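Note sheet for the following structure.
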Amino acid sequence: PPTLVIGGFTMHRIKNANPETDTRAKIASFPKGSVRGDALDICTGLGYTAIEMSRRPHVDTVLTLELDPSVLDVCRCNPWSQDLFKSEKITSRVGNAAEVVKTLDSERFSLICHDPPARALNFAGELYSLEFYSELYRILKSGGTLFHYVGNPDSKESGVLFAGIMKRLQEAGFKNIKKAVKAFGITADK
């Protein structure tokens, strides 16, 4: 499947991976048996994560949030994204995730995949804020897990981000905060 390029940056890993293996690595980073119930996918992109979560037999629903409606228009043209619109388990909402999460019920989701674009800190810093992480903690069910994409832990830029993100996640109340190296992210439990 293809990837999306925004601002000159790919929205999936393509070095030693492809969009399919990248997506599966994110889902595999959740603890065994935790991919169940209602799921939240933040930053839809081409919808691969929402689609993959919806295919899991114990996932009941997937709510996916996308800021840019034109990205969903691209999905409509991408044959690999069609289940985003066909799956009865998936609901898409367009809006700023930092605002939308404030409207969601407490303890609604068993798992959250927060997958902001590369370099999002430069234009969407609220997606990395303590306030935002506190909202994610509020809407995550007790015993639920968050996956947060950060980027290559070996890169200079992402390597610096990991420590700050992990600190803010802890301040928001998350526990068992760990690097998910194969998925280029962090997992954290409530």
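The values are calculated or read from the model by the stated rules, or taken from the named source; none is laboratory data. Since this is a predicted model, take the numbers as computed values, not measurements. Here Cβ is always computed from backbone atoms with ideal geometry, including for glycine, and neighbour counts include all displayed protein chains. Keep in mind that these areas ignore ligands, DNA and RNA; they rest on the heavy atoms of the full protein, side chains included. Shrake-Rupley method; radii C 1.70, N 1.55, O 1.52, S 1.80 Å.
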Inset, instruction - Go through the stretch 131-178 and give me each residue that's part of a helix (DSSP H, G or I), open to solvent by less than 40 Å² (accessible area, probe 1.4 Å) and in contact with a Ser or Thr (Cβ under 7 Å, 6 or more places away or on another chain). - result: Ile139, Ala172
Inset, instruction - Could you pull out every one of the strands (runs of 3 or more DSSP E) wholly within the stretch 14-126 that has 3 or more residues that are under 12 Å from the mean Cα position of the chain (by Cα)? - result: 37-42, 59-66, 109-114
Inset, instruction - Check the stretch 19-37 and report whether any residue there is open to solvent by less than 30 Å² (accessible area, probe 1.4 Å) and either on the phi > 0 side of the Ramachandran plot or basic (Lys, Arg) (or both). - result: yes
